[in-house]
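Here the structure is laid out as C-alpha coordinates; the discussion comes afterwards.
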Amino acid sequence: MTCIIVGGGSAGFQAAMTCRTLRPDRAVTLLDAEKETGYYRTLLPQFMVGALPEEKLFFRKEEHDPLLAVRTGVRVKSVDRTSRCLTLESGETLLYDRLILAHGGDPYLPDILSAPPCHGIFPVRDLTNARKAQAWLRDHRQVVVFGGSLVGVKTAVHLRQAGFAVTLVVRRGHILLRALSPESAEVVETHLRRLGIEICVNAPLEEIRKKDGAIDGLKAGGRWLPCGAVLVAAGTAPDTSFLMGTGLLTDGELLVSRGLQTADPRIFAAGDVAVISSGGEKVSPNTWPQAVSQGKLAAENLYRTAPMPHRDLTRINAMDLHGLAMVILGPPVSGAEVISHARPEASIRRELFLVDGRPVGGALIGDIAAAGTLHALINAERPFTARDAGLLRPRTENVIPFPEQTGRREALILSPKRSKR
(Lines give C-alpha, C1' and ligand atoms only; values in the text may rest on other atoms or scores of the structure.)
Protein backbone atom coordinates (compact mmCIF):
# COMPACT_ATOMS: atom_id res chain seq x y z
CA MET A 1 0.00 0.00 0.00
CA THR A 2 1.03 3.60 -0.50
CA CYS A 3 0.42 7.17 0.57
CA ILE A 4 -2.11 8.82 -1.71
CA ILE A 5 -2.41 12.59 -2.04
CA VAL A 6 -5.53 14.01 -3.66
CA GLY A 7 -4.80 17.40 -5.24
CA GLY A 8 -1.92 18.69 -7.32
CA GLY A 9 -1.82 22.30 -6.17
CA SER A 10 0.73 23.89 -3.86
CA ALA A 11 -0.45 21.98 -0.78
CA GLY A 12 -0.59 18.63 -2.56
CA PHE A 13 2.79 18.93 -4.25
CA GLN A 14 4.45 20.17 -1.09
CA ALA A 15 3.00 17.15 0.72
CA ALA A 16 4.26 14.80 -1.99
CA MET A 17 7.79 16.20 -2.00
CA THR A 18 7.94 16.11 1.80
CA CYS A 19 6.76 12.50 1.88
CA ARG A 20 9.43 11.45 -0.60
CA THR A 21 12.12 13.30 1.33
CA LEU A 22 11.21 11.98 4.78
CA ARG A 23 10.37 8.44 3.72
CA PRO A 24 12.38 7.67 0.58
CA ASP A 25 11.45 3.98 0.71
CA ARG A 26 7.67 4.58 0.64
CA ALA A 27 5.67 5.04 -2.55
CA VAL A 28 3.53 8.15 -3.11
CA THR A 29 0.70 8.59 -5.59
CA LEU A 30 -0.58 12.08 -6.37
CA LEU A 31 -3.99 12.41 -8.04
CA ASP A 32 -5.34 15.55 -9.65
CA ALA A 33 -8.43 16.36 -11.69
CA GLU A 34 -6.59 18.84 -13.89
CA LYS A 35 -4.57 17.87 -16.92
CA GLU A 36 -1.54 19.82 -15.67
CA THR A 37 -0.23 20.06 -12.14
CA GLY A 38 2.61 21.71 -10.31
CA TYR A 39 2.12 25.31 -11.41
CA TYR A 40 1.74 28.64 -9.63
CA ARG A 41 -1.91 29.67 -9.60
CA THR A 42 -0.82 33.06 -8.24
CA LEU A 43 0.88 33.83 -11.57
CA LEU A 44 -2.15 33.08 -13.77
CA PRO A 45 -3.18 36.77 -14.08
CA GLN A 46 0.24 37.65 -15.54
CA PHE A 47 0.03 34.71 -17.91
CA MET A 48 -3.45 35.65 -19.12
CA VAL A 49 -2.38 39.15 -20.15
CA GLY A 50 0.71 37.86 -21.94
CA ALA A 51 3.24 39.19 -19.42
CA LEU A 52 4.55 35.73 -18.48
CA PRO A 53 5.34 32.75 -20.73
CA GLU A 54 3.58 29.52 -19.85
CA GLU A 55 6.77 27.64 -18.96
CA LYS A 56 7.41 30.12 -16.14
CA LEU A 57 4.21 29.01 -14.42
CA PHE A 58 5.51 25.58 -13.49
CA PHE A 59 7.46 24.84 -10.34
CA ARG A 60 7.54 21.08 -10.85
CA LYS A 61 10.68 19.72 -12.46
CA GLU A 62 10.37 16.54 -14.47
CA GLU A 63 12.49 14.06 -12.56
CA HIS A 64 12.41 10.30 -12.71
CA ASP A 65 11.29 8.96 -9.35
CA PRO A 66 10.03 5.37 -9.51
CA LEU A 67 8.26 5.78 -6.16
CA LEU A 68 6.34 8.93 -7.11
CA ALA A 69 3.36 8.48 -9.43
CA VAL A 70 1.60 11.65 -10.63
CA ARG A 71 -1.74 10.93 -12.27
CA THR A 72 -3.60 13.80 -13.90
CA GLY A 73 -7.12 14.11 -15.26
CA VAL A 74 -8.58 11.76 -12.64
CA ARG A 75 -11.28 12.44 -10.07
CA VAL A 76 -12.07 10.63 -6.85
CA LYS A 77 -15.64 9.36 -6.61
CA SER A 78 -15.67 7.96 -3.07
CA VAL A 79 -13.59 7.01 -0.05
CA ASP A 80 -14.03 3.76 1.91
CA ARG A 81 -12.33 4.24 5.26
CA THR A 82 -12.89 0.65 6.39
CA SER A 83 -11.02 -0.92 3.48
CA ARG A 84 -8.78 2.14 3.04
CA CYS A 85 -9.74 2.38 -0.61
CA LEU A 86 -10.42 5.19 -3.09
CA THR A 87 -12.75 4.70 -6.02
CA LEU A 88 -12.12 6.90 -9.03
CA GLU A 89 -14.85 8.13 -11.37
CA SER A 90 -13.48 5.67 -13.94
CA GLY A 91 -14.32 2.80 -11.57
CA GLU A 92 -10.68 2.07 -10.74
CA THR A 93 -9.89 1.43 -7.07
CA LEU A 94 -6.73 2.39 -5.21
CA LEU A 95 -5.65 1.18 -1.77
CA TYR A 96 -3.89 3.55 0.61
CA ASP A 97 -2.03 3.31 3.87
CA ARG A 98 -2.20 7.05 4.54
CA LEU A 99 -4.26 9.68 2.74
CA ILE A 100 -3.82 13.45 2.38
CA LEU A 101 -6.74 15.48 1.03
CA ALA A 102 -5.45 18.66 -0.62
CA HIS A 103 -7.78 19.02 -3.58
CA GLY A 104 -8.93 22.59 -2.90
CA GLY A 105 -12.25 23.68 -4.33
CA ASP A 106 -14.17 24.80 -7.36
CA PRO A 107 -14.37 28.47 -8.43
CA TYR A 108 -17.48 30.32 -7.36
CA LEU A 109 -19.55 31.40 -10.35
CA PRO A 110 -22.80 33.31 -9.77
CA ASP A 111 -25.76 31.65 -11.48
CA ILE A 112 -26.15 34.62 -13.80
CA LEU A 113 -22.64 33.99 -15.19
CA SER A 114 -22.70 30.19 -15.30
CA ALA A 115 -25.96 29.60 -17.18
CA PRO A 116 -26.93 29.80 -19.94
CA PRO A 117 -23.51 29.37 -21.63
CA CYS A 118 -21.93 32.59 -22.81
CA HIS A 119 -18.55 33.10 -24.49
CA GLY A 120 -16.06 35.45 -22.86
CA ILE A 121 -16.59 34.51 -19.19
CA PHE A 122 -13.68 32.81 -17.41
CA PRO A 123 -12.89 31.92 -13.78
CA VAL A 124 -9.38 32.89 -12.67
CA ARG A 125 -8.54 29.57 -11.11
CA ASP A 126 -6.86 26.99 -13.37
CA LEU A 127 -4.54 26.81 -16.33
CA THR A 128 -7.11 25.38 -18.73
CA ASN A 129 -9.37 28.41 -18.32
CA ALA A 130 -6.39 30.76 -18.23
CA ARG A 131 -5.32 29.58 -21.68
CA LYS A 132 -8.82 30.19 -23.02
CA ALA A 133 -8.92 33.62 -21.40
CA GLN A 134 -5.54 34.56 -22.86
CA ALA A 135 -6.70 33.72 -26.37
CA TRP A 136 -10.00 35.58 -25.92
CA LEU A 137 -8.39 38.70 -24.48
CA ARG A 138 -6.28 39.23 -27.59
CA ASP A 139 -9.36 40.58 -29.36
CA HIS A 140 -11.35 41.93 -26.39
CA ARG A 141 -9.75 44.85 -24.58
CA GLN A 142 -12.63 45.96 -22.34
CA VAL A 143 -12.77 43.71 -19.28
CA VAL A 144 -14.86 43.41 -16.12
CA VAL A 145 -13.21 41.64 -13.20
CA PHE A 146 -15.85 40.29 -10.81
CA GLY A 147 -14.58 39.81 -7.29
CA GLY A 148 -12.66 42.00 -4.86
CA SER A 149 -10.44 39.20 -3.54
CA LEU A 150 -6.64 39.27 -3.66
CA VAL A 151 -6.82 37.39 -6.96
CA GLY A 152 -9.41 39.82 -8.33
CA VAL A 153 -7.43 42.91 -7.37
CA LYS A 154 -4.19 41.46 -8.73
CA THR A 155 -5.92 40.45 -11.98
CA ALA A 156 -7.32 43.96 -12.44
CA VAL A 157 -3.89 45.52 -11.91
CA HIS A 158 -2.14 43.22 -14.39
CA LEU A 159 -4.85 43.84 -16.98
CA ARG A 160 -4.49 47.59 -16.57
CA GLN A 161 -0.69 47.38 -16.82
CA ALA A 162 -1.16 45.55 -20.10
CA GLY A 163 -3.32 48.37 -21.47
CA PHE A 164 -6.82 46.95 -20.97
CA ALA A 165 -9.83 49.05 -19.96
CA VAL A 166 -10.73 47.50 -16.60
CA THR A 167 -13.71 47.69 -14.27
CA LEU A 168 -13.47 45.90 -10.91
CA VAL A 169 -16.88 44.88 -9.56
CA VAL A 170 -17.31 44.06 -5.86
CA ARG A 171 -20.70 42.66 -4.90
CA ARG A 172 -20.66 43.87 -1.28
CA GLY A 173 -18.62 46.03 1.04
CA HIS A 174 -15.20 47.07 -0.24
CA ILE A 175 -12.32 45.38 -1.99
CA LEU A 176 -10.39 42.77 0.02
CA LEU A 177 -13.33 42.57 2.41
CA ARG A 178 -11.95 39.59 4.33
CA ALA A 179 -8.41 40.94 4.49
CA LEU A 180 -8.51 44.70 5.10
CA SER A 181 -10.35 47.22 7.23
CA PRO A 182 -12.47 49.79 5.37
CA GLU A 183 -9.77 52.41 6.01
CA SER A 184 -6.98 50.29 4.52
CA ALA A 185 -9.20 49.25 1.63
CA GLU A 186 -9.81 52.93 0.85
CA VAL A 187 -6.07 53.51 0.45
CA VAL A 188 -5.83 50.60 -2.00
CA GLU A 189 -8.98 51.65 -3.90
CA THR A 190 -7.60 55.18 -4.31
CA HIS A 191 -4.39 53.76 -5.73
CA LEU A 192 -6.27 51.51 -8.17
CA ARG A 193 -8.33 54.44 -9.42
CA ARG A 194 -5.12 56.39 -10.02
CA LEU A 195 -3.98 53.52 -12.20
CA GLY A 196 -7.14 53.98 -14.26
CA ILE A 197 -9.18 51.09 -12.89
CA GLU A 198 -12.87 51.80 -12.42
CA ILE A 199 -14.23 50.32 -9.19
CA CYS A 200 -17.88 49.49 -8.49
CA VAL A 201 -18.48 48.47 -4.85
CA ASN A 202 -21.69 47.16 -3.31
CA ALA A 203 -22.65 46.16 -6.82
CA PRO A 204 -24.34 42.75 -7.00
CA LEU A 205 -24.73 41.26 -10.45
CA GLU A 206 -28.19 41.71 -11.93
CA GLU A 207 -28.11 40.92 -15.62
CA ILE A 208 -25.84 40.22 -18.57
CA ARG A 209 -26.12 41.31 -22.18
CA LYS A 210 -25.00 39.04 -25.02
CA LYS A 211 -24.17 39.67 -28.64
CA ASP A 212 -23.69 36.78 -31.04
CA GLY A 213 -23.45 34.38 -28.09
CA ALA A 214 -20.70 36.35 -26.31
CA ILE A 215 -20.71 38.72 -23.34
CA ASP A 216 -21.32 42.32 -24.39
CA GLY A 217 -22.28 43.97 -21.12
CA LEU A 218 -22.97 43.37 -17.47
CA LYS A 219 -25.41 45.12 -15.14
CA ALA A 220 -24.17 45.49 -11.56
CA GLY A 221 -25.46 47.77 -8.84
CA GLY A 222 -27.95 49.30 -11.23
CA ARG A 223 -25.31 50.23 -13.85
CA TRP A 224 -24.66 48.74 -17.24
CA LEU A 225 -20.95 48.11 -17.80
CA PRO A 226 -19.93 47.43 -21.41
CA CYS A 227 -17.36 44.66 -21.71
CA GLY A 228 -16.01 42.05 -24.07
CA ALA A 229 -14.78 39.72 -21.31
CA VAL A 230 -15.54 38.90 -17.68
CA LEU A 231 -12.90 37.37 -15.41
CA VAL A 232 -14.36 35.90 -12.23
CA ALA A 233 -12.26 35.92 -9.05
CA ALA A 234 -14.90 35.63 -6.35
CA GLY A 235 -13.37 32.80 -4.32
CA THR A 236 -13.82 29.05 -4.27
CA ALA A 237 -16.09 26.49 -2.65
CA PRO A 238 -14.31 23.45 -1.15
CA ASP A 239 -15.17 20.23 -2.96
CA THR A 240 -16.40 17.75 -0.34
CA SER A 241 -18.91 15.87 -2.49
CA PHE A 242 -16.93 12.62 -2.60
CA LEU A 243 -16.58 12.66 1.20
CA MET A 244 -20.30 12.50 1.88
CA GLY A 245 -21.17 9.54 4.07
CA THR A 246 -17.58 8.94 5.17
CA GLY A 247 -18.00 10.42 8.64
CA LEU A 248 -15.24 12.95 7.89
CA LEU A 249 -17.56 15.94 7.44
CA THR A 250 -19.17 18.11 10.11
CA ASP A 251 -22.01 20.21 8.75
CA GLY A 252 -20.50 19.82 5.31
CA GLU A 253 -17.01 20.95 6.37
CA LEU A 254 -13.83 18.90 6.52
CA LEU A 255 -12.67 19.69 10.04
CA VAL A 256 -9.10 18.92 11.06
CA SER A 257 -7.07 19.36 14.24
CA ARG A 258 -4.19 21.80 14.45
CA GLY A 259 -2.08 18.83 13.41
CA LEU A 260 -4.21 18.69 10.22
CA GLN A 261 -5.59 15.26 11.18
CA THR A 262 -9.20 14.45 10.32
CA ALA A 263 -11.60 12.28 12.32
CA ASP A 264 -9.71 9.33 10.82
CA PRO A 265 -6.13 9.12 12.19
CA ARG A 266 -4.88 7.85 8.82
CA ILE A 267 -6.31 10.78 6.87
CA PHE A 268 -4.98 14.34 6.89
CA ALA A 269 -6.05 17.45 4.98
CA ALA A 270 -4.31 20.65 3.85
CA GLY A 271 -5.03 23.79 1.88
CA ASP A 272 -8.38 25.29 0.93
CA VAL A 273 -10.42 22.18 1.70
CA ALA A 274 -9.28 21.97 5.34
CA VAL A 275 -11.05 23.81 8.15
CA ILE A 276 -8.82 23.89 11.21
CA SER A 277 -10.68 23.53 14.50
CA SER A 278 -8.76 25.03 17.39
CA GLY A 279 -9.92 26.16 20.83
CA GLY A 280 -13.57 26.11 19.85
CA GLU A 281 -12.90 28.26 16.78
CA LYS A 282 -12.72 27.31 13.12
CA VAL A 283 -10.02 28.80 10.93
CA SER A 284 -9.51 28.59 7.16
CA PRO A 285 -6.38 30.65 6.41
CA ASN A 286 -6.58 30.15 2.66
CA THR A 287 -3.41 31.72 1.28
CA TRP A 288 -0.55 30.43 -0.85
CA PRO A 289 1.97 30.47 2.06
CA GLN A 290 -0.53 28.58 4.23
CA ALA A 291 -1.12 25.94 1.56
CA VAL A 292 2.62 25.29 1.33
CA SER A 293 3.17 25.10 5.10
CA GLN A 294 0.09 22.94 5.63
CA GLY A 295 1.09 20.51 2.88
CA LYS A 296 4.50 20.11 4.47
CA LEU A 297 3.12 19.61 7.98
CA ALA A 298 0.46 17.12 6.87
CA ALA A 299 3.19 14.96 5.31
CA GLU A 300 5.40 15.25 8.39
CA ASN A 301 2.54 14.18 10.66
CA LEU A 302 1.40 11.16 8.64
CA TYR A 303 3.15 8.57 10.77
CA ARG A 304 3.55 10.44 14.03
CA THR A 305 1.79 9.02 17.07
CA ALA A 306 1.09 12.56 18.27
CA PRO A 307 0.89 14.99 15.31
CA MET A 308 2.68 18.30 15.74
CA PRO A 309 0.30 21.28 15.77
CA HIS A 310 0.35 23.95 13.09
CA ARG A 311 1.63 26.97 14.96
CA ASP A 312 1.11 29.71 12.40
CA LEU A 313 -2.53 30.17 11.45
CA THR A 314 -2.17 33.75 10.29
CA ARG A 315 -3.22 34.75 6.79
CA ILE A 316 -0.09 36.67 5.92
CA ASN A 317 0.24 37.64 2.28
CA ALA A 318 2.33 40.13 0.39
CA MET A 319 2.16 41.76 -3.01
CA ASP A 320 2.96 44.85 -5.00
CA LEU A 321 0.10 46.54 -6.82
CA HIS A 322 2.09 48.40 -9.46
CA GLY A 323 3.88 50.68 -7.03
CA LEU A 324 1.85 50.11 -3.85
CA ALA A 325 3.52 47.60 -1.54
CA MET A 326 1.20 45.69 0.78
CA VAL A 327 1.55 43.05 3.48
CA ILE A 328 -1.55 41.58 5.06
CA LEU A 329 -0.80 40.29 8.56
CA GLY A 330 -4.29 39.01 9.36
CA PRO A 331 -7.92 39.94 8.73
CA PRO A 332 -9.99 42.43 10.76
CA VAL A 333 -11.62 41.02 13.90
CA SER A 334 -15.01 42.19 15.09
CA GLY A 335 -14.70 44.22 18.29
CA ALA A 336 -10.90 44.43 18.11
CA GLU A 337 -8.98 47.53 19.17
CA VAL A 338 -7.31 49.21 16.20
CA ILE A 339 -3.91 50.87 16.42
CA SER A 340 -2.96 52.70 13.24
CA HIS A 341 -0.72 55.26 11.60
CA ALA A 342 -1.73 56.84 8.32
CA ARG A 343 -0.22 59.24 5.81
CA PRO A 344 -2.84 59.51 3.06
CA GLU A 345 -0.74 61.88 0.97
CA ALA A 346 1.87 59.11 0.66
CA SER A 347 -0.65 56.25 0.30
CA ILE A 348 0.51 54.80 3.61
CA ARG A 349 -1.54 53.11 6.30
CA ARG A 350 -0.16 50.74 8.94
CA GLU A 351 -2.55 49.11 11.39
CA LEU A 352 -2.80 46.30 13.91
CA PHE A 353 -5.88 44.66 15.44
CA LEU A 354 -5.68 43.86 19.15
CA VAL A 355 -7.88 41.52 21.16
CA ASP A 356 -7.33 41.54 24.93
CA GLY A 357 -4.18 43.55 24.32
CA ARG A 358 -2.66 40.98 21.95
CA PRO A 359 -2.13 41.60 18.22
CA VAL A 360 -4.18 39.22 16.08
CA GLY A 361 -3.89 40.78 12.62
CA GLY A 362 -3.30 43.93 10.66
CA ALA A 363 -2.06 45.38 7.40
CA LEU A 364 0.87 47.43 6.12
CA ILE A 365 -0.01 49.53 3.07
CA GLY A 366 2.57 51.63 1.22
CA ASP A 367 5.30 50.98 3.80
CA ILE A 368 5.98 47.36 4.75
CA ALA A 369 8.89 47.95 7.12
CA ALA A 370 9.02 45.56 10.13
CA ALA A 371 6.52 43.18 8.52
CA GLY A 372 8.43 40.12 9.66
CA THR A 373 8.80 41.41 13.22
CA LEU A 374 5.12 42.32 13.50
CA HIS A 375 4.14 38.91 12.13
CA ALA A 376 6.31 37.29 14.80
CA LEU A 377 4.57 39.36 17.50
CA ILE A 378 1.20 38.06 16.31
CA ASN A 379 2.44 34.47 16.47
CA ALA A 380 3.92 35.03 19.94
CA GLU A 381 0.40 35.72 21.27
CA ARG A 382 1.73 38.08 23.94
CA PRO A 383 0.51 41.54 24.97
CA PHE A 384 1.45 44.45 22.72
CA THR A 385 3.79 46.83 24.56
CA ALA A 386 4.67 50.49 24.20
CA ARG A 387 8.04 49.44 22.82
CA ASP A 388 6.30 47.29 20.20
CA ALA A 389 4.20 50.29 19.15
CA GLY A 390 7.29 51.93 17.66
CA LEU A 391 7.42 49.17 15.06
CA LEU A 392 4.10 50.33 13.64
CA ARG A 393 5.15 53.92 12.95
CA PRO A 394 5.79 54.67 9.25
CA ARG A 395 9.40 54.81 8.11
CA THR A 396 8.98 56.99 5.05
CA GLU A 397 12.71 57.58 4.77
CA ASN A 398 13.26 53.81 4.42
CA VAL A 399 10.16 52.59 2.64
CA ILE A 400 10.74 49.09 1.25
CA PRO A 401 9.60 49.06 -2.40
CA PHE A 402 8.84 45.30 -2.68
CA PRO A 403 8.81 45.09 -6.50
CA GLU A 404 7.01 42.15 -8.08
CA GLN A 405 9.26 40.50 -10.62
CA THR A 406 8.12 38.48 -13.60
CA GLY A 407 8.11 34.85 -12.59
CA ARG A 408 8.60 35.61 -8.91
CA ARG A 409 8.46 32.33 -7.03
CA GLU A 410 7.66 33.34 -3.47
CA ALA A 411 6.88 36.30 -1.29
CA LEU A 412 9.82 37.88 0.50
CA ILE A 413 9.16 39.76 3.71
CA LEU A 414 11.93 42.02 4.90
CA SER A 415 12.51 43.25 8.42
CA PRO A 416 14.46 46.41 9.28
CA LYS A 417 17.77 46.03 11.06
CA ARG A 418 17.41 46.52 14.77
CA SER A 419 19.79 48.96 16.41
CA LYS A 420 22.06 47.61 19.15
CA ARG A 421 21.25 48.76 22.63
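The values are calculated or read from the model by the stated rules, or taken from the named source; none is laboratory data. Just so it is clear, the model here is predicted, and its values are computed rather than measured. Here the Cβ is made from the backbone with ideal geometry for all residues, glycine too, and neighbour counts use every protein chain on show. Side chains are part of the model used for accessible areas, which takes the heavy atoms of the whole protein and leaves out ligands, DNA and RNA. Shrake-Rupley method; radii C 1.70, N 1.55, O 1.52, S 1.80 Å.
Here is how the numbers come out for the structure above:
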quantity: LEU260 being crowded, with 18+ Cβ neighbours inside 10 Å, touching a His at 6+ places or on another chain (Cβ under 9 Å), more than 23 Å from LEU177 (Cα to Cα) and free of Cβ contacts under 8 Å to residues at least 40 places away in the same chain; calculated: no
quantity: Complete set of residues in the stretch 165-190 that are closer than 19 Å to LYS219 by Cα and out of contact with any Cys (no Cβ under 8 Å at 6 or more places or on another chain); calculated: ALA165, VAL166, ARG171, ARG172, GLY173, HIS174, ILE175
quantity: Hits in the stretch 101-117 - residues which are open to solvent by 20 Å² or more (accessible area, probe 1.4 Å) and hydrophobic (A, V, I, L, M, F, W, C); calculated: LEU109, ILE112, ALA115
quantity: Candidate set from the stretch 160-199 (those that are assigned to a loop (DSSP other than H, G, I, E, B) and more than 22 Å from the chain's Cα centre (by Cα)); member that is nearest to PRO332 (Cα to Cα); calculated: ILE197
quantity: Test: residue in the stretch 314-336 that is out of contact with any His (no Cβ under 8 Å at 6 or more places or on another chain), surrounded by fewer than 18 Cβ atoms within 10 Å (Cβ to Cβ), of a type in the set (Ser, Thr, Tyr) and within 30 Å of THR82 (Cα to Cα); calculated: no
quantity: Flag if PRO285 is open to solvent by less than 40 Å² (accessible area, probe 1.4 Å), part of a loop (DSSP other than H, G, I, E, B) and closer than 26 Å to ARG171 by Cα; calculated: yes
quantity: Within the stretch 200-245, strands (runs of 3 or more DSSP E) holding 2 or more residues that are farther than 30 Å from THR82 by Cβ and without any contact (Cβ under 8 Å) to a residue 40 or more places away in the chain; calculated: 205-211, 214-220, 223-226
quantity: Every residue from the stretch 379-410 that is in contact with a Lys or Arg (Cβ under 8 Å, 6 or more places away or on another chain), surrounded by fewer than 17 Cβ atoms within 10 Å (Cβ to Cβ) and at pLDDT 50 or above; calculated: ASN379, GLU381, ARG382, PRO383, ARG393, THR396
quantity: Matching residues in the stretch 285-304 - criterion: being under 21 Å from ALA234 (Cβ atoms) and in contact with a Lys or Arg (Cβ under 9 Å, 6 or more places away or on another chain); calculated: PRO285, ASN286, THR287, TRP288, GLN290
quantity: Filtered residue count, the stretch 136-148, keeping only those that are surrounded by 24 or more Cβ atoms within 10 Å (Cβ to Cβ) and part of a loop (DSSP other than H, G, I, E, B); calculated: 2
quantity: Condition broken by SER184, with the remaining ones in (1) open to solvent by 10 Å² or more (accessible area, probe 1.4 Å); (2) touching a Lys or Arg at 6+ places or on another chain (Cβ under 6 Å) satisfied; calculated: (1)
quantity: Of all residues making up the stretch 360-371, the number that are open to solvent by 10 Å² or more (accessible area, probe 1.4 Å) and either modelled with pLDDT under 95 or in a strand (DSSP E or B) (or both); calculated: 1
quantity: Residue in the stretch 149-162 that is more than 18 Å from LEU324 (Cα to Cα) and crowded, with 18+ Cβ neighbours inside 10 Å present; calculated: no
quantity: Members of the stretch 14-36 that are open to solvent by less than 10 Å² (accessible area, probe 1.4 Å) and in contact with a helix residue (DSSP H, G or I) (Cβ under 7 Å, 6 or more places away or on another chain); calculated: ALA15, CYS19, VAL28, LEU30
